[in-house]
Each structure stands twice: as structure tokens, then as C-alpha cells.
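Report on one structure; see the data block that follows.
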Amino acid sequence: MSENLENIITKGFHSWTRNLNICIPLLINYVVQFTVMFFAAIAAMLLFFGQNISGMASMTEDELFDLMSVSIMENLTGVIIIAFLVFLILVLFDAYFFAGAVGMSQNATANGDTSITDMFNAGSSNFINIFLANFLIMLMMIAGVIFVVPGAILTRNYMEVVESTQFTSGILLLLMGIVIWVIYLLILNVVLAIVLYSIVIERTGAMDGIIRGYEFFMENKLSVFVLWLVIFAVSTVVAVIFFFAGEVIALIGSDGLNMIWSLGSQVLILVTIQPLIVIWWTRLYMVRTGKNIHIDELLTDDWEQSG
């Protein structure tokens with residue numbers, strides 16, 4: 001029996017309260033990403049400043065900027081290699097732990113409970129396909145730059161004649177292109193929202209997952225859009241609350257407290273909001289594709305009848 005969206009959200013929340021360990025892959029990913037970025041920053045400093053690193057404390061901002069500019073140009077190949085390796089490592093780890101979180105959510109939805117073993121199984125089986133799907137989706141997003149190109153070309157051609165009508169038209173066309181690109185990205189985000197989940201749940205390839213995700217959206221447009229709006233609203237409210245809390249802490253003037261709040265707020269989101277979002281999308285896909293769903297005896301029959 002299919003559930004309506006209200007039940008999917010409510011029962012998804014219940015699954016999350018029973019399986020708080022779904023946050024573990026997200027937390028591990030956060031720690032790994034932070035660690036990689038930390039060591040990458042150290043490697044970059046050694047590459048850029050070399051023997052001058054000990055004298056950095058006594059340099060002015062202009063001197064640091066000049067030294068970094070010269071170092072980047074002198075070590076451009078090394079910079080590109082480090083940047084590429086860091087990007088590749090971060091994306092691969094992100095794909096692995098995201099797949100692990102979805103796998104845990106799938107088992108929690110199907111069986112009522114999940115374990116770290118589910119994270120390793122789903123992560124190792126799907127991270128390459130998740131990585132490839134993310135790459136393809138990124139290419140689709142970048143393709144939207146075509147909306148900006150006409151305005152950018154017109155603005156560049158008449159940049160020296162600021163007061164010309166063509167320059168003004170170019171600026172307006174550029175702004176319009178940027179707006180259309182943003183709308184395109186939002187539409188793409190909604191249409192392909194379920195793609196990565198379908199890859200993990202169906203154990204399928206990247207291209208097949210994109211096709212399945214698109215087909216799922218076409219068959220469940222309203223549910224996907226409404227759930228996307230709910231997630232957007234929840235995320236926005238939490239972000240606003242955390243922002244004002246951060247502003248209050250900043251007024252106190254404690255750098256240590258501000259740093260603790262900055263890290264703590266991110267961890268809090270990873271422990272609460274993010275795993276809940278993963279469960280909601282997972283449950284929506286599983287319910288609407290006829291997958292086995294765990295029936296919790298603690299939930300009332302009224303819920304089932306209303307679905």
C-alpha cells in the first residue's frame with residue numbers, strides 16, 4: 001500500500017529517531033574532508049613559500065600576496081596537480097560516504113534498523129557510480145553557461161565604450177542570462193533530485209541511474225517538488241537560526257567561542273538535518289517504486305489508512 005507524502009515525512013522522521021547512527025557516514029566524511037583540506041593547505045604553503053615560510057609572520061599582506069603570486073606562477077604545474085588530486089580525493093570520499101548513508105537509510109526503511117556494515121556494503125558497491133553520476137550532473141550544470149555567453153560577449157566587445165547602448169544591452173543580457181542559468185540549475189536540482197538514491201537502491205550504473213531518476217520525477221512530479229520544498233524550507237529555517245546565533249556569539253567578541261560554534265553548528269546539521277533528508281528521499285523512492293517497507297507496530301493504523 002502506497003503512502004502519501006505526509007506519511008512519508010512522518011514515518012521517515014520516525015525511522016531517523018530509531019536509527020541515529022545514519023549520521024555516522026556523514027560525520028566521517030566531514031572529518032575526512034577537513035583532514036584532506038588541512039594537509040592540502042600545508043602542502044600548498046610549503047610549495048608556495050618554501051624556505052620563506054619561517055618569515056611569513058613578519059610579512060605584510062602585500063608582501064604575502066606578491067610572494068604567493070610569484071610562487072603560483074613558478075609552480076603552476078604543481079598547483080594544478082595538487083588541486084586536481086585534492087578535488088578527486090574529496091569527491092571520491094564524498095561519493096563513498098553518501099552511498100553509505102543511503103544504504104543505511106535503505107535498510108532502516110526496509111527492515112526497521114541498520115548498522116555500520118550497511119554503510120561499508122553500500123559505499124564499496126556504489127561509490128564509483130555515484131562519482132560518475134555526480135560528474136555527469138556537473139557537466140549538465142556547467143552546460144547552462146550557454147545562457148550567459150551572449151551577454152558576456154556583447155559586454156566584452158563594448159566594454160571600452162561604457163556609455164554605449166550596446167554595452168548597456170550587454171549588461172542587461174548578461175544579468176538575464178545569469179538569472180536564467182540560476183533557474184536552470186534549480187530545475188535541474190529538482191528533476192535529478194532522486195538520481196543518486198536510485199543508483200544505490202537499485203544497484204545500477206551512473207547513466208542508468210540518471211535515466212531512472214528522471215523517469216521517477218516524471219511519474220512523481222508533485223511529490224518530488226513538494227518534498228524538495230519541505231527540505232529547502234527546513235534547511236533555510238535552520239540556516240537562519242544558526243546565522244543569528246552566530247551573530248549573537250560574534251557580538252560577545254569571543255574568537256574561541258565563535259570557532260566552537262562554527263564547527264559545532266556544522267556537526268549539529270550533519271547529525272540531525274542531513275541524515276533526515278537522506279531518509280526522506282530514500283523512503284519516497286522506495287515507497288513509490290514498490291520496494292518492501294518496514295511496518296512499525298508502534299505506528300497507528302490510522303496512518304496506514306490515510307495513505
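None of the figures in this text is laboratory data; all of them are computed from the coordinates on show. What you see is a predicted model, and the numbers here were worked out from it, not measured in a lab. Neighbour counts run over all protein chains shown; Cβ positions are idealised from the backbone, glycine included.
Overview of values
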| read-out | value |
| --- | --- |
| Modelled FRET efficiency - R0 30 Å, Ala43 with Val234, Cβ distances, 0.05 increments | 0.20 |
| Span from the region 174-243 Cα centroid across to the region 102-132 one, whole angstrom | 20 Å |
| Magnitude of the charge dipole, the chain, Cβ model with Lys/Arg +1 and Asp/Glu -1, debye to 20 | 560 debye |
| Exposed-loop-free span, longest in the chain, where GluC sites (Glu not before Pro) count as exposed if DSSP calls them loop and at most 10 other C-beta atoms lie within 10 Å | 1-159 |
| For Cα extents along the principal axes in Å, calculated from these coordinates, the label among [x] 70, 53, 43; [y] 54, 45, 40; [z] 58, 41, 35 | [x] |
| Inter-site label distance for Phe244 and Ile80 at 7 Å from Cα along Cβ, in nm | 4.9 nm |
| Spin-label model distance (nm) - Asp66 vs Asn258, 7 Å beyond Cα toward Cβ | 3.0 nm |
| Length added when fully stretched, Phe87-Met218, from 0.36 nm per residue minus Cα-Cα | 43.9 nm |
